[in-house]
Amino acid sequence: MSSATSDEDTAGSEARGIAAERLTFFSDAVVAIAITLLSLELPLPEGATSAELLRSLGDHQNEYISFLISFAVIGGHWRAHHRLFHYVTTLGGGLLQLSFGWLLMQVITPFATKVIAEEGGFEFRFVFYALVQIVALALFLLMTRQIRRHHLYREDTPPELFGGILRGVGTMALAFAVSIPVAFFTHWAYACWIVVPVVGHLLFRFRRRASAAA
């Protein structure tokens, strides 16, 4: 009886491991599609001469800049996801539902990119884009919490993994959150997405050095 139970537990563990692996592959595919959709939205420059082509490129600079920003944003989301799910061995704790919510935000990002690239109503467009990223980052923080809480990771997982991910993703969520009120005063609110993470990284390094010195 105990042998049969052990075999069932082993089979169940293997099935959950396969499910976790399939979820990772599926997530990679969805992110790849989201990045591809970004490029499909890029307008083609028009003109019969080099001067006209350059002028057309300038006219569409918002679209091109938005594309580069979103490419970096989605790439950052994927990098954190790849880093975390490399150690995930099983599903549980609502991880599947949280993952699909996170993937939904990745798929919405190309649409949000098109919204933010249009002229007029900057505040609304900016806030919409920032909120999409905040929701995605919040869902990822919840995924990380559930993976650690329910021990859904391998035994050889580096002990600093969860702290590093929570700190990095949390800082980015803060950057997008801070940029929302700033957007009502200046179009330079984009700078928050760079300045806040850089300041956060420097403060962390300073605190770590201070702790080591003490």
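The values are calculated or read from the model by the stated rules, or taken from the named source; none is laboratory data. Note that the structure is predicted; figures quoted are calculated from it, not measured. Positions of Cβ are generated from backbone atoms using ideal geometry, with glycine treated the same way; all protein chains shown enter the neighbour counts.
Of the residues examined, residue 49 is not one that is among the polar types (S, T, N, Q), surrounded by 11 or more Cβ atoms within 10 Å (Cβ to Cβ) and at pLDDT 60 or above. Of all the criteria given as (1) within 24 Å of residue 74 (Cβ to Cβ); (2) modelled with pLDDT of 90 or more, the one not satisfied by residue 185 is (1). Checking the structure you have, find out if any residue of region 117-137 is small (Gly, Ala, Ser), part of a loop (DSSP other than H, G, I, E, B), farther than 17 Å from residue 24 by Cβ and modelled with pLDDT under 95. Yes, that holds for at least one residue. Cβ separations smaller than 8 Å between residues 6+ apart or across chains give the following pairs from region 60-89 residues that are within 21 Å of residue 192 (Cβ to Cβ) to residues that are of a type in the set (Lys, Arg): 66/114. Would it be correct to say that residue 199 is of a type in the set (A, V, I, L, M, F, W, C) and either surrounded by fewer than 16 Cβ atoms within 10 Å (Cβ to Cβ) or free of Cβ contacts under 8 Å to residues at least 40 places away in the same chain (or both)? So residue 199 fits the description; yes.
Hey, does region 122-144 have a residue that's crowded, with 18+ Cβ neighbours inside 10 Å and in contact with a Lys or Arg (Cβ under 6 Å, 6 or more places away or on another chain)? Checked region 122-144: no residue is crowded, with 18+ Cβ neighbours inside 10 Å and in contact with a Lys or Arg (Cβ under 6 Å, 6 or more places away or on another chain). Among the residues of region 168-189, those identified as in a loop (DSSP other than H, G, I, E, B) and surrounded by fewer than 19 Cβ atoms within 10 Å (Cβ to Cβ) are 184, 185, 186. Within region 110-135, residues that are free of Cβ contacts under 8 Å to residues at least 40 places away in the same chain have Cβ atoms under 8 Å from residues that are assigned to a loop (DSSP other than H, G, I, E, B) and surrounded by fewer than 17 Cβ atoms within 10 Å (Cβ to Cβ) in these pairs: 125/118, counting only partners at least 6 apart in sequence or on another chain. Checked against the criterion of being surrounded by 14 or more Cβ atoms within 10 Å (Cβ to Cβ), more than 18 Å from residue 89 (Cα to Cα), among the hydrophobic types (A, V, I, L, M, F, W, C) and in contact (Cβ under 8 Å) with a residue 24 or more places away in the chain, region 153-167 contains one or more residues that satisfy it. Among the residues of region 18-32, is any in a helix (DSSP H, G or I), at pLDDT below 95, more than 21 Å from the chain's Cα centre (by Cα) and among the aromatic types (Phe, Trp, Tyr)? No. For region 94-106, the set of residues classified as in contact (Cβ under 8 Å) with a residue 40 or more places away in the chain and surrounded by 15 or more Cβ atoms within 10 Å (Cβ to Cβ) consists of 95, 98, 99, 102, 103, 106, listed by residue number.
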